[in-house]
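**Student:** Pasting in a structure now, in structure tokens, and then I'll have a few things to ask.
The values are calculated or read from the model by the stated rules, or taken from the named source; none is laboratory data. Remember, predicted model here, so these are calculated numbers, not experimental data. Reconstructed Cβ throughout: ideal geometry from the backbone, glycine too, with neighbour counts over all protein chains shown. The protein model used for the area step is the full one, side chains on, heavy atoms only, and it has no ligands, DNA or RNA in it. Shrake-Rupley method; radii C 1.70, N 1.55, O 1.52, S 1.80 Å.
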Protein chains: 2
Amino acid sequence: MAGEALKIYGDRRSQPTRAILLFCKVNGIEFEEVTIVLFSGAAQTHEYQAINPTKKVPAIAHGDFTLFESHAILIYLASTYQVPDHWYPADLRKRAKLHSVLDWHHTNLRLGSVGYLTNTILMSLFGKTPNPERAAESEQTLASSFSTIETVWLKDDAKFLLGNDKPSIADLALVSEIMQFHMLGDEEMNRLIGAYKKVKKWIENVKNATNPHFDQVHQHLFDFIANFKNKA
Amino acid sequence: MAGEALKIYGDRRSQPTRAILLFCKVNGIEFEEVTIVLFSGAAQTHEYQAINPTKKVPAIAHGDFTLFESHAILIYLASTYQVPDHWYPADLRKRAKLHSVLDWHHTNLRLGSVGYLTNTILMSLFGKTPNPERAAESEQTLASSFSTIETVWLKDDAKFLLGNDKPSIADLALVSEIMQFHMLGDEEMNRLIGAYKKVKKWIENVKNATNPHFDQVHQHLFDFIANFKNKA
């Protein structure tokens with residue numbers, strides 16, 4: 001099964017797309033990257049809907065098997081290819097804790113992140129009026145999420161989530177999410193995250209553990225940010 | 001590991017609590033139910049925060065192992081106890097599709113359900129003013145979610161999600177979520193869900209496959225609904 005052709009459909013400006021690309025690059029998994037440009041209509045074609053009927057990115061095709069939802073994809077790839085156990089542990093209790101972080105991500109960090117970015121910079125980019133009430137609400141969700149990462153998921157002085165000394169797929173998913181805040185500029189990003197010392201250290205740990213791939217996978221986002229700042 | 005004492009912390013008025021109780025009852029898994037009454041402060045105690053630091057229900061303790069997030073719990077229990085394969089298939093591709101449904105649930109059906117119920121009946125119950133704009137937005141998320149269940153997750157004429165002839169943990173999670181709409185009354189529930197014929201049939205299939213446990217686990221919700229309707 002691992003020998004079948006793997007295609008990854010996504011846009012590097014999408015947080016979960018980057019998490020999957022990063023996982024594959026770090027683990028030497030060969031794939032073809034098919035760019036589905038966000039907001040271009042590319043996700044609305046019949047061809048793409050056969051891959052992902054919900055018309056979102058990312059998705060994969062592995063031989064004739066298709067899959068969407070980034071956490072499900074990361075788990076599938078970690079289970080199908082020969083990768084070190086720390087990415088997705090075989091031990092049932094370690095694995096359960098990892099699922100717990102991934103589930104928590106959906107309704108906490110991810111929810112706050114998408115809500116905040118949509119109701120600040122993204123609405124502005126699309127010429128729409130941001131909703132300050134929604135932005136404030138999302139900022140509360142974000143603050144609560146960063147606090148939970150700092151006090152619950154980053155245990156003691158461990159380098160990675162769940163007290164681990166090596167990264168898991170959850171580290172990739174959550175840090176890829178947080179990197180999106182670079183869209184807001186350094187000052188704003190520091191306002192949101194500056195108080196969380198362990199979170200900041202952990203982000204550096206994930207970068208260091210996955211470079212040069214981390215920087216390479218994020219370059220397109222940084223180019224995009226530089227481009228819209230030049231225009232503004 | 002399966003022989004250790006299992007405690008389930010929750011409130012039967014909580015959708016994900018019911019999914020876990022139902023899974024255990026259907027599979028003859030012994031457990032002690034510890035009721036953490038919602039909105040009572042019971043989830044705020046130091047004792048409970050040692051089980052679930054995010055102060056939500058449900059959670060479990062299995063021996064000295066604790067876990068929260070209902071999907072993670074369902075997967076852990078299905079992996080730890082000897083239960084039939086259809087609940088959480090060992091086949092990597094079947095399992096991946098199941099993860100995809102569960103991930104999708106968080107940011108679609110669950111998001112719409114919680115948003116809609118909060119901004120209609122729940123705000124009213126707590127003497128607060130519901131937000132009609134938010135209710136309308138959540139109703140759109142719900143309509144889109146029911147449409148996806150009808151056209152993507154319920155394939156052809158299969159009885160259960162993903163074209164299966166037997167239920168999985170995803171069937172329990174999603175149907176437990178939808179049962180919460182009984183809070184709105186028959187007319188309103190029919191307005192929201194009436195057009196989705198396959199969804200309605202599937203709910204009946206899940207009830208039939210899991211009764212008498214399904215009705216028993218939902219009785220507390222129905223008693224609660226009858227009680228607040230009498231008061232209103």
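**Student:** Give me the accessible area of B:Thr129, 1.4 Å probe, in Å² rounded to the nearest 10.
**Tutor:** The accessible area comes out at roughly 120 Å².
**Student:** A follow-up question, please. Summing -39500 (n - 2.57) over the DSSP H runs of n ≥ 4 in chain B and dividing by its residue number, what mean residue ellipticity at 222 nm do you reach, to the nearest 500 deg cm²/dmol? Intermediate values should be presented prior to the final figure.
**Tutor:** Values: 10 runs with 123 residues, N = 232.
Dividing the helical sum by the residues of chain B leaves -16500 deg cm²/dmol.
**Student:** Just counting partner chain Cβ atoms within 10 Å, what average do the residues of peptide B:91-100 show around their Cβ?
**Tutor:** Details: counts 0, 6, 8, 0, 4, 12, 7, 1, 10, 13.
That average works out to 6.
**Student:** How big is segment B:1-43 by Rg and Dmax over its Cα atoms, in Å?
**Tutor:** Spelled out, the Cα radius of gyration and Dmax of segment B:1-43 are 11.2, 33 Å.
**Student:** I need the trypsin sites (Lys or Arg not before Pro) found in segment B:68-160, filtered to DSSP loop residues with at most 15 other beta carbons within 10 Å of theirs.
**Tutor:** Values: sites: B:Arg93, B:Lys94, B:Arg95, B:Lys97, B:Arg110, B:Lys128, B:Arg134, B:Lys155, B:Lys159; in loops: B:Lys128, B:Lys155, B:Lys159.
Sites meeting the loop and neighbour criteria: B:Lys128, B:Lys155.
**Student:** Rank A:Thr17, B:Ser40, A:Pro53 by how far each Cα sits towards the positive end of the charge dipole of the protein assembly as shown (+1 on Lys, Arg Cβ; -1 on Asp, Glu Cβ) and give me just the farthest.
**Tutor:** Most positive-ward Cα: B:Ser40.
**Student:** If you don't mind, another one. I'd like to know which of B:Trp104, B:Gln180, B:Gly115 lies farthest towards the positive end of the charge dipole of segment B:88-201, counting +1 on Cβ of Lys and Arg and -1 on Cβ of Asp and Glu.
**Tutor:** Selected residue: B:Trp104.
**Student:** To the nearest 10 square angstrom, how much accessible area does A:Ser40 have with a 1.4 angstrom probe?
**Tutor:** About 70 Å², ignoring ligands and nucleic acids.
**Student:** For A:Lys231, list the aspartates and glutamates whose Cα falls under 16 Å from its own Cα; do not include residues on the same chain fewer than 8 positions away.
**Tutor:** A:Asp223
**Student:** Quick check for you: with a 1.4 Å probe and neighbouring chains kept, what is the accessible area per residue of chain B, in Å²? Please list the in-between numbers first.
**Tutor:** On the way: 10280 Å² over 232 residues.
With all protein chains present, chain B gives 44 Å² per residue.
**Student:** With +1 on the Cβ of every Lys and Arg and -1 on the Cβ of every Asp and Glu, and nothing else charged, how large is the dipole of chain A about its Cα centre, in debye rounded to the nearest 20? Intermediate values should be presented prior to the final figure.
**Tutor:** Values: 25 positive and 26 negative charges, 67 e Å.
Here the size comes out at about 320 debye.
**Student:** Residue by residue through segment A:133-145, which ³J(HN,Hα) values in whole Hz follow from phi under the Karplus form 6.51 cos²θ - 1.76 cosθ + 1.60 (θ = phi - 60°), with glycine and proline marked x?
**Tutor:** After applying 6.51 cos²θ - 1.76 cosθ + 1.60, I find 5, 5, 4, 5, 5, 5, 5, 5, 4, 5, 4, 5, 5 Hz.
**Student:** Averaged across A:61-70, how many Cβ atoms of other chains sit within 10 Å of each residue's Cβ atom?
**Tutor:** Working: counts 0, 2, 1, 0, 4, 2, 5, 5, 11, 2.
Mean shielding count: 3.
**Student:** Sticking with this structure for a sec: What is the gain in length, in nm to one decimal, between A:Gln219 and A:Lys166 on full extension, counting 0.36 nm per residue of separation less the C-alpha to C-alpha distance? Display every interim value, and only then the final one.
**Tutor:** Details: separation 53, 0.36 × 53 = 19.08 nm, distance 2.39 nm.
Value of the extension gain: 16.7 nm.
**Student:** Next question, about the same structure. Jot down the radius of gyration and Dmax of segment B:19-117, Cα atoms only, both in angstrom.
**Tutor:** Cα-based Rg and Dmax for segment B:19-117 come out at 14.9, 42 Å.
**Student:** Taking segment B:165-232, which trypsin sites (Lys or Arg not before Pro) meet the DSSP loop condition and have no more than 10 other C-beta atoms within 10 Å? Let's see the in-between values first.
**Tutor:** Numbers: sites: B:Arg191, B:Lys197, B:Lys198, B:Lys200, B:Lys201, B:Lys207, B:Lys229, B:Lys231; in loops: none.
When the trypsin sites (Lys or Arg not before Pro) of segment B:165-232 are filtered for loop state and at most 10 Cβ neighbours within 10 Å, nothing remains.
**Student:** For segment A:1-47, what is the charge dipole size about the Cα centre, in debye to the nearest 20, if Lys and Arg each add +1 at the Cβ and Asp and Glu each add -1 at the Cβ?
**Tutor:** 260 debye
**Student:** Now a separate question. Once a ≥ b ≥ c are taken as the square roots of the eigenvalues of the Cα gyration tensor of segment A:83-141, is the result rounded (a/c under 1.5), prolate (a/b larger than b/c) or oblate (a/b not larger than b/c)? All intermediate terms of the calculation are to be shown ahead of the outcome.
**Tutor:** Values: a/c = 6.47, a/b = 2.82, b/c = 2.29.
Prolate.
**Student:** Further question on the same structure: Could you compute how much accessible area chains B and A hide from each other, both sides summed, with a 1.4 Å probe? Nearest 100 Å² is fine. Display every interim value, and only then the final one.
**Tutor:** Numbers: alone 11790 and 11760 Å², together 20540 Å².
What B and A bury together is about 3000 Å².
**Student:** Which of rounded, prolate, oblate describes chain A, given a ≥ b ≥ c as roots of the alpha-carbon gyration tensor eigenvalues and a/c under 1.5 marking rounded, otherwise prolate only if a/b is larger than b/c? Walk me through the numbers on the way to the answer.
**Tutor:** Working: a/c = 1.68, a/b = 1.09, b/c = 1.55.
The shape class here is oblate.
**Student:** Further question: Quick one: accessible surface of A:Met179, probe radius 1.4 Å, all protein chains present, in square angstrom to the nearest 10.
**Tutor:** 0 Å²
**Student:** Considering only protein heavy atoms and a probe of 1.4 Å, how much of the accessible area of segment B:131-183 is carbon and sulfur, as a whole percent?
**Tutor:** On the way: 880 of 2010 Å².
The C+S portion of the solvent-accessible surface of segment B:131-183 is 44 percent.
**Student:** So, with +1 on the Cβ of K and R and -1 on the Cβ of D and E, and no other charges, what is the size of the charge dipole of segment B:97-232 about its Cα centre, to the nearest 20 debye?
**Tutor:** Working: 15 positive and 16 negative charges, 15 e Å.
That gives a dipole near 80 debye.
**Student:** Can you give me the relative contact order of chain B as a percent, contacts being Cα pairs under 8 Å and 6 or more apart?
**Tutor:** Values: 281 pairs, mean separation 48.0, N = 232.
21 percent.
**Student:** Now for a separate question. Within 10 Å of each Cβ of B:72-79, how many other protein chain Cβ atoms are there on average?
**Tutor:** On the way: counts 10, 4, 1, 6, 7, 1, 0, 4.
Rounded to a whole number, the mean comes out at 4.
**Student:** Name the shape class, rounded, prolate or oblate, that the alpha-carbon gyration tensor gives for segment A:161-232, where a ≥ b ≥ c are the square roots of its eigenvalues, rounded holds for a/c under 1.5, and otherwise prolate holds if a/b is larger than b/c and oblate otherwise.
**Tutor:** Numbers: a/c = 2.83, a/b = 1.49, b/c = 1.90.
Cα axes put segment A:161-232 in the oblate bin.
**Student:** Return the carbon/sulfur percentage of the accessible area of segment A:1-83, one whole number, probe 1.4 Å, all protein chains in place. Don't skip to the end; give the middle numbers.
**Tutor:** Working: 1640 of 3380 Å².
Solvent-exposed carbon and sulfur of segment A:1-83 make up 49 percent of the total.
**Student:** With respect to the axis carrying A onto B, what is the closest chain A residue by Cβ position, and how many angstrom separate it from the axis?
**Tutor:** Axis-proximal residue of A, distance in whole Å: A:His106, 2.
**Student:** Grab the Cα-Cα distance for B:Glu4 and B:Asp186, subtract it from 0.36 nm times how many residues apart they are, and report the gain in nm with one decimal. Walk me through the intermediate numbers first.
**Tutor:** Working: separation 182, 0.36 × 182 = 65.52 nm, distance 4.22 nm.
Gain on extension, B:Glu4 to B:Asp186, equals 61.3 nm.
**Student:** Could you sort out which of B:Lys155/B:Lys197; A:Lys200/B:Lys56; A:Lys94/B:Lys166; A:Lys155/A:Lys201; B:Lys94/B:Lys159 sit more than 18 Å apart by Cα distance in this structure? Provide the component values of the computation, followed by the final result.
**Tutor:** Numbers: B:Lys155/B:Lys197 13 Å; A:Lys200/B:Lys56 26 Å; A:Lys94/B:Lys166 28 Å; A:Lys155/A:Lys201 13 Å; B:Lys94/B:Lys159 16 Å.
Over 18 Å apart, Cα to Cα: A:Lys200/B:Lys56; A:Lys94/B:Lys166.
**Student:** How far is A:Asn208 from the same spot in each other copy, in nm, shortest first, if each label point sits 7 Å from Cα toward Cβ?
**Tutor:** Relative to the other copies, A:Asn208 has label-point distances of 6.0 nm.
**Student:** Filter the GluC sites (Glu not before Pro) in segment A:1-90 down to the DSSP loop ones having no more than 14 other Cβ atoms within 10 Å, then list what survives.
**Tutor:** On the way: sites: A:Glu4, A:Glu30, A:Glu32, A:Glu33, A:Glu47, A:Glu69; in loops: A:Glu4, A:Glu30, A:Glu69.
Here the GluC sites (Glu not before Pro) that fit, given the DSSP loop and packing criteria, are A:Glu4, A:Glu30.
**Student:** Calculate the radius of gyration of the Cα atoms of the protein assembly as shown to one decimal place, then report Dmax, the largest Cα-Cα distance, as a whole number, both in Å.
**Tutor:** Cα-based Rg and Dmax for the protein assembly as shown come out at 21.8, 64 Å.
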